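Structure record follows, encoded as structure tokens.
Bear in mind these aren't lab numbers, they're just calculated from the coordinates by the rules spelled out. A quick note: this is a predicted structure, and the numbers were derived from the prediction, not measured. Here the Cβ positions follow ideal geometry from the backbone for every residue, glycine too, while neighbour counts run over all protein chains shown.
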Amino acid sequence: MKIQTKFHGELAIQADQTWNFPKGIPGFDSEKEFVLLSIEDNNIFQVLQSTNTPDVAFIVANPYTVVTDYSINVDEPTIDLLDIKTESDVFVLGVLSVKNPFETSTINLQAPLIFQTKTKKAKQMILNDNTFNLRHPIGNQVTSAEGKA
């Protein structure tokens, strides 16, 4: 199928590339289908793009590249919703708030995106503690690791 995207123009994607967010994303409850798109010349950041609404797109990154001691416990409602059986079926991304200059950008560690690779379901899980920040600065950790921003 073809979709319009915010950053990549029109793209052809396969159905197996889509991720289903059964409850949407907070603030975007009606957006249920997304695709992860790579960013050219960058293997740290990706775009989480709605397949229905071109302007609904988020820059995301693996939070473990920003905070080495990042650790979360996936709650029971998320385990049930995504049908998580083993930890190896899951990966986590965080949503960035991109700023200028880029080094002042932040990542949301308080509400990670949980992806279940076998069911292709995902959810933004809001943590019930404040161990990690909603706006954690990425600083130079990510940009120096990649060499490009």
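Some values worked out for this structure:
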quantity	calculated
Additional length obtainable on full extension of the chain from ASP129 to PHE7, 0.36 nm per residue less Cα span	40.5 nm
Extended-chain gain in nm, criterion 0.36 nm per residue less alpha-carbon gap, ASP69 and SER97	8.0 nm
At q = 0.12, 0.16, 0.19 Å⁻¹, base-10 log of I(q)/I(0) for the chain (Debye sum, equal scatterers on each alpha carbon)	-0.50, -0.90, -1.26
Positive-end residue of ILE44, PRO77, VAL92, charge dipole of segment 1-113 with Cβ unit charges	ILE44
GNM flexibility winner over the chain from GLU31, GLU40, GLU103 (Cα, springs under 10 Å)	GLU40
Coil-residue trypsin sites (Lys or Arg not before Pro) of segment 68-131, DSSP, other Cβ within 10 Å capped at 15	LYS85, LYS99, LYS118, LYS120
Check: segment 2-146 dipole with +1 on Lys, Arg Cβ and -1 on Asp, Glu Cβ, in debye	220
Across LYS85/LYS120; LYS23/LYS118; LYS32/LYS85, pairs whose alpha-carbon gap is larger than 20 Å	LYS32/LYS85
